[in-house]
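Since the structure comes first, as structure tokens, the remarks are kept for the end.
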Amino acid sequence: MADDLLDQIRLNGAVPSHVAVIMDGNGRWARERHLPRPLGHRAGMKAVREAVEGAIEASVDVLTLFAFSEENWQRPATEISALMDLLEEYIAKEASELREQGVCVHVLGDRGRLVPSGRAAVERVERDTCEGKRLTLNLCISYSSRSEIARAARLLAEEALKGTRRLEQIDEEAIRERLYTAPWRDPDLLIRTSGEQRLSNFLLWQLAYTELYMTPVLWPDFTRRTLFEAILDYQRRERRFGNVTA
């Protein structure tokens, strides 16, 4: 049971408002069990539910999950097809419960690369959950942080060319406002599963002062207890944002 950890979190006070997760280890989980990689991705679906429900229990406001990167399009066609099918299956199975739980879903990334049925599913779950107030769930799909930053620069350049923005008005805040994550504060905590120690082109701008938590747990084995352990570790840290302690 994870209730003991949840009680500690509540006693400690400040909870990270925005938690981001790099969901890694599906393939390794499958390989260790001599299973095809797509079965690892399928096993990871239950971990998404654990993360969402755990975030609600811990009173996290925003949960951002790195589900599928732009680089993942280079994987074998059979694996990509299986991943896209899982996306549609997840939405079909979970949309009504997410709505009932008060979860508002947003999909961040280049959705133009999704197949028509995938785009329709994404639009449907965003529409059906738009009134959720308990948790914002951002699913990063066909996402690249460098592409996101380049997109923001391109939008600002277009404004400058049109004369609607002066060059001296292009600052950090102007860029932030044109990122996919503009409606929300930057992540307070980043969790990466599977023990890897890199960011993998995920939220590079937004993670400038985020606390990092790396766990050896493979994504399909991720539970709300894993989430609570990460939050407890976060609560023990002192965030200075470049300042010094008084």
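The values are calculated or read from the model by the stated rules, or taken from the named source; none is laboratory data. Remember, predicted model here, so these are calculated numbers, not experimental data. Every residue, glycine as well, gets a Cβ built from its backbone with ideal geometry; the counts of neighbours run over all protein chains shown.
Remarks
- Those residues of segment 17-40 which are charged (D, E, K, R) and either on the phi > 0 side of the Ramachandran plot or modelled with pLDDT under 95 (or both), in sequence order: 37
- Checked against (1) more than 17 Å from residue 235 (Cβ to Cβ); (2) among the hydrophobic types (A, V, I, L, M, F, W, C); (3) in a loop (DSSP other than H, G, I, E, B), residue 14 passes all but a single condition, namely (1).
- Among the conditions (1) surrounded by 14 or more Cβ atoms within 10 Å (Cβ to Cβ); (2) basic (Lys, Arg); (3) at pLDDT below 95, the only one that residue 166 does not satisfy is (1).
- Restricting segment 90-115 to residues that are surrounded by fewer than 17 Cβ atoms within 10 Å (Cβ to Cβ) and under 26 Å from residue 201 (Cα atoms) leaves a set whose member that is modelled with the highest pLDDT is 110.
- Picking from residues in segment 94-129 that are of a type outside the set (S, T, N, Q) and part of a loop (DSSP other than H, G, I, E, B), the one that is farthest from residue 52 (Cα to Cα) is 115.
- Residue in segment 174-189 that is assigned to a loop (DSSP other than H, G, I, E, B), basic (Lys, Arg), touching a helix residue (DSSP H, G or I) at 6+ places or on another chain (Cβ under 8 Å) and exposed (fewer than 13 other Cβ atoms within 10 Å of the Cβ) present: no
- Taken over segment 106-143, the criterion of being within 13 Å of residue 84 (Cα to Cα) and charged (D, E, K, R) is satisfied by 111, 113, 119.
- Yes/no for residue 55 being within 17 Å of the chain's Cα centre (by Cα) and either under 24 Å from residue 202 (Cβ atoms) or outside any helix (DSSP H, G or I) (or both): yes
- Candidates 192, 124, 134, 151 - the one that is modelled with pLDDT of 95 or more, surrounded by 13 or more Cβ atoms within 10 Å (Cβ to Cβ) and either small (Gly, Ala, Ser) or touching a Gly at 6+ places or on another chain (Cβ under 7 Å) (or both): 134
- Set 91, 141, 80: member being in contact (Cβ under 8 Å) with a residue 60 or more places away in the chain and either touching a His at 6+ places or on another chain (Cβ under 8 Å) or not in a loop (DSSP other than H, G, I, E, B) (or both): 141
- Filter result for residue 33 (buried (at least 17 other Cβ atoms within 10 Å of the Cβ), out of contact with any Ser or Thr (no Cβ under 7 Å at 6 or more places or on another chain) and among the charged types (D, E, K, R)): no
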